[in-house]
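Data first, discussion second: the structure below is written as structure tokens.
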Amino acid sequence: MSLWLGKEPLVLASQSKARQMLLAKAGIAFESDPADIDERAIQASSGRSAPGEIAGLLAREKAFSISNRRPTRYVIGADQTLALGSHILNKPEGRAQAADQLRALAGHRHELHAAIAVARDGKVLFEHVSIARMTMRPLRDAEIENYLNEAGDAVTSSVGAYQLEGLGVHLFERIEGDHFTILGLPLLPLFAFLRSEHLLGI
Ligand SMILES: Nc1nc2c(ncn2[C@@H]2O[C@H](COP(=O)(O)OP(=O)(O)OP(=O)(O)O)[C@@H](O)[C@H]2O)c(=O)[nH]1
């Protein structure tokens, strides 16, 4: 018996290499079909400020946008929002912004709100938001520069300018939350839902 029992592969509405890797390593047959939505415009027009609500809204919008053009397919949308107190940070656009973000995060605890939504034929069947709490070490400017020299452009593909499973581990003194939430795809609640839909063989 294979692991994925769906008639057709899952559709992951994401260009995120981390999310694709997590599904692939979990043995799930899927196709990537990134949602081309304007996340910042949707966030701005939503009037929402709570990080979990923003992440949930964007995950739903991504799942909807792909589900409406992939009839009968189970589509996963995901989004991750970083909250430092009441400030919300998005993926840094380049090295300078990554350095600024790390200077702001260093010595403080921030939250990662990771949302998923599963849609089918334009209807949301499941949604969930998980939170991880990340305590970053105090960092001298020289440490930040050294980290950025070593980590390179990869820092712009993550909302906090780090890949925890890589060099990002050096930035932290405490982590509360599961690995999948931190990488942006809470697999445990997602798989519990898919199992309830008899789509998983384990
Ligand atoms: N590899 C890795 N990726 C991380 C980590 N923390 C956050 N991310 C990634 O940061 C990105 C958060 O930005 P999002 O806007 O949610 O997603 P995206 O990368 O734009 O991709 P879409 O799903 O297509 O919107 C996701 O790709 C997460 O996988 C981490 O510790 N390691």
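We did not get these values from a lab; they are worked out from the coordinates using the rules stated. Quick caveat: nothing in here was measured; it's all calculated off a predicted structure. Cβ sites come from the backbone with ideal geometry, for glycine too, and all protein chains shown count toward neighbours.
At a 10 Å Cβ-Cβ cut-off, how would you order ILE175, ILE182, fewest neighbours first?
On the way: ILE175 16, ILE182 24.
Result, fewest neighbours first: ILE175, ILE182.
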For the chain, built as a Gaussian network whose Cα springs stay under 10 Å, the top-fluctuating residue of SER130, SER86, SER158
SER86
When a/c is below 1.5 the answer is rounded, else prolate if a/b is larger than b/c, else oblate, so apply that to the stretch 34-193 with a ≥ b ≥ c taken from the square roots of the Cα gyration tensor eigenvalues.
prolate
Could you list which residues have their amide H under 5 Å from that of ASP33, counting only those 5 or more apart in sequence or on another chain, with H placed in the peptide plane?
LEU12, ALA13, SER14
How high is the relative contact order of the stretch 10-197? Use alpha-carbon pairs under 8 Å, at least six apart in sequence, and give a whole percent.
22
If the cut-off is 30 Å between C-alpha atoms, which lysines fall inside it for LYS91, apart from same-chain ones fewer than 8 positions away?
LYS17, LYS25, LYS62, LYS123
Separation of alpha-carbon centers, the stretch 129-202 and the stretch 74-101, rounded to whole Å
11
CD proxy, 222 nm, the chain: helix-only mean residue ellipticity via -39,500 (n - 2.57) per DSSP H run with n ≥ 4, per residue, nearest 500, stands at -10500 deg cm²/dmol
Taking the chain as a Gaussian network, Cα atoms linked when under 10 Å apart, which of GLN80, GLN97, GLN163 shows the biggest mean-square fluctuation?
GLN97
For the stretch 188-193, take each phi angle, set θ = phi - 60°, evaluate the Karplus expression 6.51 cos²θ - 1.76 cosθ + 1.60, and give the result in whole Hz per residue in order, putting x for glycine and proline.
5, x, 5, 5, 4, 5
Give me a comma-separated list of calculated 3J(HN,Hα) values for the stretch 102-110, in order, Karplus coefficients 6.51, -1.76, 1.60 applied at θ = phi - 60°, integers in Hz, x for any Gly or Pro.
5, 4, 6, 7, 4, x, 10, 9, 10
Connecting every pair of Cα atoms under 10 Å apart in the chain and solving the GNM, the largest mean-square fluctuation among LEU12, LEU183, LEU23 falls on LEU23
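If we count other beta carbons within 10 Å of each Cβ, what is the order of HIS179, HIS110, HIS87, fewest first? The partial results should precede the final answer.
Values: HIS179 13, HIS110 21, HIS87 10.
Ordered from fewest to most neighbouring Cβ atoms within 10 Å, HIS179, HIS110, HIS87 come out as HIS87, HIS179, HIS110.
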Show me the trypsin sites (Lys or Arg not before Pro) within the stretch 20-71 that DSSP assigns to loop and that have at most 12 other Cβ atoms within 10 Å of their Cβ.
ARG69
Give me, ordered by chain and number, the residues 5 or more places off ARG137 or on other chains with an amide H under 5 Å from its own placed amide H.
GLY107, PHE172, GLU173
Hey, what do the phi angles of the stretch 122-136 turn into as Karplus ³J(HN,Hα) couplings, whole Hz, using 6.51/-1.76/1.60 and θ = phi - 60°, x for Gly and Pro?
x, 10, 6, 9, 7, 8, 7, 10, 10, 10, 10, 10, 10, 9, 8
